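Data first, discussion second: the structure below is written as structure tokens.
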Amino acid sequence: MNRLLLLALLAGLGVLPLALGANPYLLNALIVTGILTIGAMSLNLLLGFTGQLSLGHIAFFGIGAYVSALTSLGFDVDLGFGLRVVHEPWPAAVGLLLATVAAGGCGYLIGRLSFRVRGAYFVIVTISFAEVVRLVALNWVELTQGPLALTNIPAITLGLPGLGMWTLKTKLQNYYLVLAVGTLCYGVIARLIGGRFGRAMRGLKENESLALSVGINATRTLTVVAVISAAMAGAAGSLYAHYLRIIDPDVFLFATTVTMVIMVVAGGKGTLIGPVVGGLLFGLLPVALRPVMAPEAQWIVYGLVLIVILFVMPRGIVPGLSALLGRRQAQSVPALEANPAVQR
Amino acid sequence: MSAILSVEHVGVRFGGLVAIADLHFDVHAGEIVSLIGPNGAGKTTAFNVMTGFLKPSQGDVRFRGTSLRDRPPHAITRLGLARTFQRTSVFPDDTVFDNVMIGLHQMGAASGRVPFLDALLGRSGAGERQLRVRAEALLDWVGLAARAYEKAGGLAYGEQRLVGVALALATEPAMLLLDEPVSGMNASETRVFVRLIRQIRERGITILLVEHDMPMVMEVSDRIVVLNYGRLIAEGPPDRIRTDPAVIEAYLGQGSAARQAAAAVQEAAHA
């Protein structure tokens, strides 16, 4: 039944742009929301399933954006000591791939560095990392143009030689690209948490000593999660760069990380669909509010909505709703039948 | 009889405090050995050293001839030395069944060395079914089949202990360390647990246990090792330990307040 619901949601998102008609404003909001939702999903993998809060998650997103942009734009940088690196532009699709790999690599470094200490230390390491990367993007003007921003980033071209190529220039095309990447990420996360690896993650989160004592390798498990999480954020960043076609160091803004955290926590951390629900809600809330109030007032409502959600459903929307549904079911079905152990 | 576990002159210091000093004893394959001593004697510290949760300041622990020095806990478990914990012995938010599935972690490793790739490629299908069968069998064996789909954190204390044992057994150990397994259990639960310990031994698993429940220790142990203030003060079969003056002194204290109180009570009873 759960699977059906998911397919319905996917189908709904698939036909949504057709239902909306050619409304570029709404389509733009949907695309940016979709990209941020992918970021939130990747954050949830760390925060929800292993309990590690990455408050610098935007770093991986931004690294993905810059790597992808620079790969497809090319650059010519003097490293000093007579070393000069020249890079000719490559296709944007290669940029997407490299962005994923580069962000994953950074995830590996951060994971290795900080999972020896965990918890608060991980939070601090990730914040500092994001800030350092932002300063590099801001000040290494020769490579990144600094505050002048990287402009004219090409759109992603997809296709197979012989079959034809499509350059994803329109909003509609980008919408479906984001939807496809989001679905892929969702599938990867679902696969990961469903099996043995997911159980290792849950074990570490619930009772680390006990998990170690049954032979689970904490450092390796957490590092793998950090790599996958960072790689997904990097892919989202790449989509962002090739969609907006201009990026500046503001992609590293701390507020964006906070937005992702809010999406995860409000939707329900540690659930598969939670970040998607939270992402759609908080991504599209400004769209719904825009006709009725000023931007400043929107922020107040934004905060109020979050507080109300967490007050009514402290574990987030998805766990809250499923608990509500479960209670209703338990009332209609005799308790004995709800217990599979007794059934047998 | 060969030693499966040798604690070789292990010492642990926390700053200036000596938690364990020159602890030295062997456990032989197939034995049930108890480690006893008053509160703070260093029993749990010794356990933590044996299972890699704590590095000894000196000495070494050997398990089946392999040095455990510098091995992290998960690596020691993979050598076949499993343990339970004194307080938190379950993954509280998962069902009892899923607890055991988590415990079967290394059993799944047989199918491939890279669990996350297995997960992505869906290679774990057949192995998963086998694991589920195993988990059910294990729960049946420890007597928790009826609780399989309840949250482990919601179980009664004694039952959580059983989950802890099931988790440790899921790693297919050659030796099992039990940290105060019957504390907080009532008399009938303890009886059931003693039977379980014997059954575990019959499966060829060596057992070392830390316990405060003296009647239980005397009943179940082949041999007892007594610690006080981090030092080994006696070692031998239950009958000898029961009458050992050093042990009696450690527990009651010579001329201690406890002994005077006991004498006072006796006098009062006579009067």
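The values are calculated or read from the model by the stated rules, or taken from the named source; none is laboratory data. In this text the structure is predicted, and so the values were computed from the model without any measurement. Heads up, the Cβs are rebuilt from the backbone with ideal geometry, glycines too, and the neighbour counts pull from every protein chain shown.
Quick notes on this structure:
- Filtered by the rule that a residue be at pLDDT 85 or above and in contact with a Gly (Cβ under 6 Å, 6 or more places away or on another chain), the range B:214-260 gives B:Val226, B:Leu227, B:Asn228.
- B:Val114, sole failed condition from (1) touching a Lys or Arg at 6+ places or on another chain (Cβ under 9 Å); (2) facing chain A (nearest Cβ under 10 Å); (3) modelled with pLDDT under 90: (1)
Okay, residues lined up against (1) farther than 17 Å from A:Ala266 by Cα; (2) surrounded by 11 or more Cβ atoms within 10 Å (Cβ to Cβ):
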{"position": "A:Met293", "(1), (2)": "yes, yes"}
{"position": "A:Trp299", "(1), (2)": "no, yes"}
{"position": "A:Leu304", "(1), (2)": "no, no"}
{"position": "A:Leu310", "(1), (2)": "no, yes"}
{"position": "A:Ala323", "(1), (2)": "no, yes"}
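- Pairs with Cβ under 6 Å, 6+ apart, first in the range A:250-265 and touching a residue at least 24 places away in the same chain (Cβ under 8 Å) and within 12 Å of A:Gly48 (Cβ to Cβ), second buried (at least 20 other Cβ atoms within 10 Å of the Cβ) and charged (D, E, K, R): none
- Scanning the range A:201-235 for residues that are within 8 Å of another protein chain (Cβ to nearest Cβ) and over 22 Å from the mean Cα position of the chain (by Cα) yields a count of 13.
- Tally, over the range B:42-83, of residues that are within 20 Å of B:Ala29 (Cβ to Cβ), surrounded by 18 or more Cβ atoms within 10 Å (Cβ to Cβ) and among the hydroxyl-bearing types (Ser, Thr, Tyr): 2
- Residue satisfying condition, being without any contact (Cβ under 8 Å) to a residue 60 or more places away in the chain and either among the basic types (Lys, Arg) or in a helix (DSSP H, G or I) (or both), within set A:Leu43, A:Leu18: A:Leu18
- Inspection of the range B:67-82 identifies at least one residue that is facing chain A (nearest Cβ under 8 Å), over 14 Å from the mean Cα position of the chain (by Cα) and outside any helix (DSSP H, G or I).
- In the set B:Leu196, B:Leu162, B:Leu139, B:Leu167, only one residue is crowded, with 22+ Cβ neighbours inside 10 Å, part of a helix (DSSP H, G or I), more than 13 Å from chain A (Cβ to nearest Cβ) and in contact (Cβ under 8 Å) with a residue 24 or more places away in the chain; that residue is B:Leu162.
- Any hit, the range B:18-31, residues being more than 19 Å from B:Ile224 (Cβ to Cβ) and out of contact with any strand residue (DSSP E or B) (no Cβ under 6 Å at 6 or more places or on another chain): yes
Residue-wise test of (1) within 15 Å of A:Gly39 (Cα to Cα); (2) surrounded by 24 or more Cβ atoms within 10 Å (Cβ to Cβ).
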site	(1), (2)
A:Thr183	yes, no
A:Arg191	no, no
A:Gly198	no, no
A:Glu206	no, no
A:Leu212	no, no
A:Ala218	no, no
A:Val225	yes, yes
A:Ala235	yes, yes
A:Ile246	no, no
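- Filtering B:Phe53, B:Phe25 for residues that are assigned to a loop (DSSP other than H, G, I, E, B) and aromatic (Phe, Trp, Tyr) leaves a single hit, B:Phe53.
- Residues of the range B:1-41 satisfying the condition of being surrounded by 19 or more Cβ atoms within 10 Å (Cβ to Cβ), hydrophobic (A, V, I, L, M, F, W, C) and within 17 Å of the chain's Cα centre (by Cα): B:Ile4, B:Leu5, B:Val7, B:Phe25, B:Val27, B:Ile32, B:Val33, B:Leu35, B:Ile36, B:Ala41
- Residues that are surrounded by fewer than 16 Cβ atoms within 10 Å (Cβ to Cβ) and within 13 Å of A:Leu280 (Cβ to Cβ) within the range A:1-31 comprise A:Leu9, A:Leu10, A:Gly12, A:Leu16, listed in sequence order.
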